[in-house]
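The values are calculated or read from the model by the stated rules, or taken from the named source; none is laboratory data. None of these values were measured; they are calculated from a predicted model. Cβ placement follows ideal geometry from the backbone for every residue including glycine, while neighbour counts extend to all protein chains displayed. Protein only, heavy atoms only, side chains kept; ligands, DNA and RNA dropped before computing areas. Shrake-Rupley method; radii C 1.70, N 1.55, O 1.52, S 1.80 Å.
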Amino acid sequence: MAPTGPLEERDSQGPAVGDIFKTFLQEPDAPEIAIHFATLLRQVDPPVIAALEPHLAIRSLQLPWKARELWKLLDAKVAGGARKCQAPLRVLIVGAGPVGLRLAIELRAAGHQVVVVDKRERFNRVNRLHLWEWCRRDLVSLGAKIFDPPGRHFCADGDFCHIGISELQSMLFKFALLLGVSFTLGADYLGPCFCEASDGHPAVWCANLHNADGDEVQIPFDVLAGADGANSAVARTPAVAEELGRIKFGLRQNSAIGLVANFVGNVPHGLRQFSWARQFAQEKFARLEQETGVSLENCVYYRSGTQHYLVMTPSPSSLVSQGVFLNPEASELTAPANVHRCRLREIAAAVAMFFGLPPMDFAEAPNDAMIFDFSGSARAQGSCSFLRTPPGTEGGQSAMVALVGDALLEPFWPEGLGILRGFHSALDTAAAIGAWGGTDEEAALRVAAMTFAVLKSLCAQSAWRLLQPDTAKYDVDPQTRYKGF
């Protein structure tokens, strides 16, 4: 018999649809988010298993007021993206980190078919990212104050705007699902191949994957986007590696080291977040060195709820003197096998106590304490190239390959450039895809080259010279973001 009561009462054995929606908004991890999302779609009458624009199907449900605020944001994103889509393309994004998800949202809003693959199944990175003003504004437009995390207190402290990596992935994942982005998590990307025409199917470029069940599958694409980090497998694709290969630059290895620690617990009400630098507080840092034996150049403390994030730049020599490295003469000091993790935690705890943090538990490994070398950096030689159809094959066309985020350009960590450059690279790639439209390679390469020339020069000192001042007008169009474009 057809249900006669309100939607909240249709299934007396299960939760009300409003509760399902609330749980979807508040769930932090990917597998559970996907389950709640699928449950929401099944509440639609008739039930929906998949939809091109799921948020339109879900609107028929009787949902809390937060849903109306979310629909406004989704409508605004789709309205902005629809103007830029010349021809819908099949886009495969390798990497479900913040930048890969941001690219997926922009391309799906423009009408493209988007699939995101990632070898990880869960969002479990707790380090926090510094957000520039445009990034803060952008995330608010994507539901940062509606999804929880990060929640309504997102960037409430005007002096310290930041977000946890997993929190950022969680909210972007939800927004992307509502737009109709497809996901294959727990899958290893193996590389592209050209599939010739057969059995009535046209020739097409495909990506080979090992899915979570161990099966090898193929996903066709017109655009392959590498959002898979500094050691990008997409960038190493043989046919485009020469154009996209990496260039290393910077200081001598082991000359600049960062230490990150994450704690969990409650702190006194008056404890404030801080950012200290030796050059402005020499006496304080000298006392720190005297009491702990650790020489720091700076130290930053962020918190969110019961999570506490401390990041600092200790001198390599002081870490050696404190016994952090098993082999002080190793060519790669910060290699995991060369780090005395217990000693590292002791140093992090001592620094935290010096700056006024109470004793707290460390977060679970590997997020407890970690060390990294930021002496040098690397970037791709180019941001975009094309896979050509193999000689002697019939049919098919070239496919675009693009890099975004750390796969394109590793950030200079102390300036908090990672997410700023990453989000700009996502919009730059969306602009290049729009210029290509499946046919105009020259236009795509021109847009990609011009935007990359700006992006690789972007830093704290050059931002005023390179970026347009009105961040409210930033869009996919590079002219809205870059001066003199």
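Here are some notes:
- Among the residues making up segment 245-273, those that are of a type in the set (A, V, I, L, M) and either open to solvent by 40 Å² or more (accessible area, probe 1.4 Å) or in contact with a Leu (Cβ under 6 Å, 6 or more places away or on another chain) (or both) are Ile247, Leu251, Ala261, Val264.
- Ala233 touching a residue at least 12 places away in the same chain (Cβ under 8 Å), assigned to a strand (DSSP E or B), of a type outside the set (Asp, Glu) and in contact with a strand residue (DSSP E or B) (Cβ under 7 Å, 6 or more places away or on another chain): no
- Condition check for Ile433: hydrophobic (A, V, I, L, M, F, W, C), over 20 Å from Val114 (Cβ atoms), assigned to a helix (DSSP H, G or I) and under 20 Å from the mean Cα position of the chain (by Cα): no
- Hits in segment 196-218 - residues which are open to solvent by less than 30 Å² (accessible area, probe 1.4 Å), among the hydrophobic types (A, V, I, L, M, F, W, C) and either modelled with pLDDT of 95 or more or in contact with a strand residue (DSSP E or B) (Cβ under 6 Å, 6 or more places away or on another chain) (or both): Val204, Trp205, Cys206, Ala207, Leu209
- Within segment 152-189, considering residues that are without any contact (Cβ under 8 Å) to a residue 60 or more places away in the chain and out of contact with any Pro (no Cβ under 7 Å at 6 or more places or on another chain), the one surrounded by the fewest Cβ atoms within 10 Å (Cβ to Cβ): Gly158
- Failed condition for Val115, given (1) open to solvent by 10 Å² or more (accessible area, probe 1.4 Å); (2) of a type in the set (Val, Ile, Thr); (3) over 25 Å from Glu27 (Cα atoms): (3)
- Single residue of segment 286-306 satisfying the filter (assigned to a helix (DSSP H, G or I) and closer than 16 Å to Leu357 by Cα) that is most open to solvent (accessible area, probe 1.4 Å): Glu291
- Residue that is modelled with the lowest pLDDT [pool: residues in segment 354-391 that are among the aliphatic types (A, V, I, L, M) and within 24 Å of the chain's Cα centre (by Cα)]: Ala378
- Among the candidates Phe183, Phe160, Phe154, residue that is closer than 23 Å to Val234 by Cα and touching a strand residue (DSSP E or B) at 6+ places or on another chain (Cβ under 9 Å): Phe183
- Taking the criterion of being modelled with pLDDT under 90 and either assigned to a helix (DSSP H, G or I) or touching a Gly at 6+ places or on another chain (Cβ under 9 Å) (or both), the residues of segment 80-94 that qualify are Gly80, Gly81, Ala82, Lys84, Cys85, Gln86, Ala87.
- Leading residue by the ranking (least open to solvent (accessible area, probe 1.4 Å)) among those in segment 460-482 that are farther than 12 Å from His424 by Cβ and in contact with a helix residue (DSSP H, G or I) (Cβ under 6 Å, 6 or more places away or on another chain): Ala460
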